[in-house]
């Protein structure tokens, strides 16, 4: 007989590369963050958003501590999308000190996105 035990890993800051934002936790996670935060405004039905997701996740782990990565599902959080004037997705908005300072719109291949992030970190 084989017994398989599955345990759920407790989510902590250390093992949670990307934060999923809602209207309820946005202020705490973004506006009060001590490091800049890149927020991906996306939707489940958006093809370019789905293409961007694995690249976003990969870089979130690589830049941990320098830049925080977070996601807002715009259909579930329309007030956040409206608050920041999101009209196209994916839109990547960078916040520093709780204020938006940069914005990138549209899909980016990994190499291009990596260059964008490196340039962004030099400016911040």
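Bear in mind these aren't lab numbers, they're just calculated from the coordinates by the rules spelled out. Everything numeric here is computed off the predicted structure, so don't read it as measured data. Here Cβ is always computed from backbone atoms with ideal geometry, including for glycine, and neighbour counts include all displayed protein chains.
Scattering from region 74-124 was approximated by placing one identical point on each alpha carbon and applying the Debye formula without solvent; log10 I(q)/I(0) at 0.16, 0.17, 0.20, 0.30 1/Å stands at -0.53, -0.60, -0.79, -1.18. By the count of neighbouring beta-carbon atoms within 10 Å, fewest first, 122, 79 end up ordered 122, 79.
Restricting to Cα pairs below 8 Å that are 6+ residues apart, what does the relative contact order work out to for the chain? Please round to a whole percent. Could the numbers behind the result be given before it?
Working: 169 pairs, mean separation 38.7, N = 124.
Result for the chain is 31 percent.
Relative to the longest principal axis of the Cα atoms of the chain, helix 110-123 runs at roughly 60 degrees.
Gain on full extension, evaluated as 0.36 nm per residue between residue 96 and residue 25 minus their Cα-Cα distance, stands at 23.9 nm.
For the chain, dividing the convex hull volume of the Cα atoms by the residue count gives 141 Å³ per residue. Global dimensions of region 42-109 from alpha-carbon coordinates: Rg and Dmax equal 11.9, 31 Å. Taking Cα atoms only, the orientation of helix 47-62 departs from the longest principal axis of the chain by about 80 degrees.
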